[in-house]
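J.: Once you've had a glance at the structure underneath, I'll fire off some questions.
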Amino acid sequence: MTSSFQQMWADLGPIGRDAGSGGYRRFAWTEADRDCRAWFRSEAEARGLTYEVDRNGNQWAWLGDPMAGDAIVTGSHLDSVPDGGAFDGPLGVVSAFAALDELRHRGVEFTKPLAITNFGDEEGARFGLACVGSRLTAGQLTREKAYELKDGDGISLPQAMERAGYDPSAIGRDDERLARIGAYVELHVEQGRALDLTGDAVGIASAIWPHGRWRFDFRGEANHAGTTRLVDRRDPMLPYAETVLAARREAELAGAVATFGKIAVEPNGVNAIPSLVRGWLDSRAPSPDDLDATVTAIEKAAREYADRHGVDLSVVRESFTPVIEFEDALRDELGRLMGGSVPVLGTGAGHDAGILSSVIPTAMLFVRNLTGISHSPAEYAAEDDCVAGVLALADVLEGLACS
Ligand code: GLV
Ligand code: MN
Ligand code: MN
């Protein structure tokens, strides 16, 4: 199993990796995504699994009869944030194949179908909405809304799918597929230091904080940076900057987090006062009330700053995921199958398992991240911990899908 893990990791490693930053740029329906998908398909076929792509562009590799029902599904995603790390997503997919190899090595008998998945566009780096593949499947994103999604170049999601050779016409809620699934278990690299601090290689997820993305458009007036008197300016950069500080302040007050990590400026000239500053707020909190209070306060502050500078502001919520509490029974079952005292931890990161928990039983395993860093090339899990993760996943799958 260790060698199959190493081989898969080595094969996947170069795909979509930027030589300059060392980070991954595996965005939905791009060439890097195509190559990741080709890798998934070849791993499925090399193991004699039944390969298919669902109506929403998610990849599936089946052991046993896909139509038999009560399937145990495991996997994650292969796409990345801009300059993301190697582990966020791919660790779950590689570990799924490696866990199957381990179970075959153990000689277990499967009593239920097992499927390995790669959910498309989990990070939402290209079209702004996270977990598009699982959201469509679960009915949390309608076909109509999905057709409205556009990337930064104005290419729509269906256009991007078509260009990548996929038919977008039947995207949407997939009850027939969901009805075949008994449980979904996603293994993921931890995106913090909790396991490093407890000294455990593997943990189980308890809950995911509610989280969302909001687009703030500050519109002012483009003008000359040298000749326009300060008092005559309608500079949207000023209320934007004040809003970034307000986000930090409000998040601290509420015990939440709030981040402006992406910005677009027009016309984006050194010697021009901007006409538009567009900033994307990502905010998350332990409770829905805390999140609501944080975002409401940030928006209120932003409106005051915008008014003061003669700038127009519009705020649009682009994405939202409510609090997720993973099902107790499945979570306890995982703990039992993993042999007892396994740490249980919550997270502020979003996952396909969180989306799918609205329609099927789901659970998550986390693997220790020694840097505690994620969404960065510095994300890191040691090979021994990855192997511990595969073995834990194999134990769980054996308990759920085998006699
Ligand atoms: C996905 O990793 C997210 O939490 O944004
Ligand atoms: Mn991520
Ligand atoms: Mn992820």
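The values are calculated or read from the model by the stated rules, or taken from the named source; none is laboratory data. A quick note: this is a predicted structure, and the numbers were derived from the prediction, not measured. When we count neighbours, we look across all protein chains shown, and the Cβ atoms used for this are built from the backbone with ideal geometry, even at glycine. To get the accessible areas, we keep the full protein, side chains included, count just its heavy atoms, and leave off ligands, DNA and RNA. Shrake-Rupley method; radii C 1.70, N 1.55, O 1.52, S 1.80 Å.
Table: residues versus (1) farther than 30 Å from D151 by Cα; (2) in contact with a helix residue (DSSP H, G or I) (Cβ under 8 Å, 6 or more places away or on another chain); (3) of a type in the set (V, I, T).
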residue	(1), (2), (3)
F97	yes, yes, no
D101	yes, yes, no
G107	yes, no, no
T111	yes, yes, yes
L114	yes, yes, no
E123	no, no, no
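J.: Which one of these is more than 16 Å from ligand 3 (Cβ to nearest atom) and surrounded by 17 or more Cβ atoms within 10 Å (Cβ to Cβ): L397, L356, L370?
T.: The conditions single out L397.
J.: Tell me the residue from G133, G128, G152 that is at positive phi and assigned by TED's automatic domain parsing to the domain that holds W29, please.
T.: Exactly one residue qualifies, and that residue is G128.
J.: Further question: Any residue in the stretch 356-380 that's under 22 Å from F119 (Cα atoms): show its pairings with residues that are acidic (D, E) and more than 15 Å from ligand 3 (Cβ to nearest atom) at Cβ separation under 6 Å, as long as the two are six or more apart or on different chains.
T.: What qualifies is P361/E327; V367/D385.
J.: For the stretch 97-207, which helices (runs of 4 or more DSSP H) that fit wholly inside it have 1 or more residues that are among the basic types (K, R)?
T.: 132-138, 143-148, 157-163, 175-178
J.: Test of understanding: among F127, F110, F119, which residue is of a type outside the set (A, V, I, L, M) and away from ligand 1 (no atom under 16 Å from the Cβ)?
T.: Checking each option against the conditions leaves just F110.
J.: Here's a follow-up. The conditions are (1) outside any helix (DSSP H, G or I); (2) surrounded by fewer than 15 Cβ atoms within 10 Å (Cβ to Cβ); (3) among the β-branched types (V, I, T), and V342 fails exactly one of them. Which is it?
T.: It fails just one condition, (2).
J.: Within the stretch 17-46, which residues are over 24 Å from V387 (Cα atoms) and either outside the structural domain of L100 (by TED's automatic domain parsing) or touching a strand residue (DSSP E or B) at 6+ places or on another chain (Cβ under 9 Å) (or both)?
T.: D18, R25, R26, A32
J.: Oh, and also: Restricting attention to the stretch 215-237, which residues are farther than 21 Å from I298 by Cβ and among the charged types (D, E, K, R)?
T.: E221, R229, D232, R233, R234
J.: Okay, moving on. So, of the residues in the stretch 373-383 that are within 14 Å of ligand 2 (Cβ to nearest atom) and of a type in the set (S, T, Y), which turns out to be surrounded by the most Cβ atoms within 10 Å (Cβ to Cβ)?
T.: Only one residue fits best here, namely S374.
J.: Could you run through the stretch 22-58 and say how many residues are out of contact with any Leu (no Cβ under 7 Å at 6 or more places or on another chain) and outside any helix (DSSP H, G or I)?
T.: Qualifying residue count for the region: 17.
J.: Related question: Answer yes or no as to whether L49 is under 20 Å from K112 (Cα atoms) and assigned by TED's automatic domain parsing to the domain that holds A130.
T.: When the stated conditions are applied, L49 passes them.
J.: Here's a follow-up. Given the residues A329, A297, A285, A293, which is the only one that is surrounded by fewer than 16 Cβ atoms within 10 Å (Cβ to Cβ), more than 12 Å from Y240 (Cα to Cα) and either of a type in the set (G, A, S) or within 16 Å of ligand 3 (Cβ to nearest atom) (or both)?
T.: A329 is the lone residue from the list that is surrounded by fewer than 16 Cβ atoms within 10 Å (Cβ to Cβ), more than 12 Å from Y240 (Cα to Cα) and either of a type in the set (G, A, S) or within 16 Å of ligand 3 (Cβ to nearest atom) (or both).
J.: Now, a different point. Among the residues of the stretch 235-259, which ones are buried (at least 20 other Cβ atoms within 10 Å of the Cβ), touching a strand residue (DSSP E or B) at 6+ places or on another chain (Cβ under 8 Å) and of a type outside the set (V, I, T)?
T.: The answer is D235, P236, P239, Y240, A247, E250, A251, A256, A258.
J.: A further question follows. Need the failing condition index for S319 against (1) modelled with pLDDT of 95 or more; (2) open to solvent by less than 40 Å² (accessible area, probe 1.4 Å); (3) within 16 Å of ligand 2 (Cβ to nearest atom), just the number.
T.: Going through (1) modelled with pLDDT of 95 or more; (2) open to solvent by less than 40 Å² (accessible area, probe 1.4 Å); (3) within 16 Å of ligand 2 (Cβ to nearest atom) one by one, S319 breaks only (1).
J.: Additional query: Would you point out which residue out of A194, A207, A179 is farther than 26 Å from T259 by Cα, touching a residue at least 40 places away in the same chain (Cβ under 8 Å) and away from ligand 2 (no atom under 16 Å from the Cβ)?
T.: When all the criteria are applied, what remains is A179.
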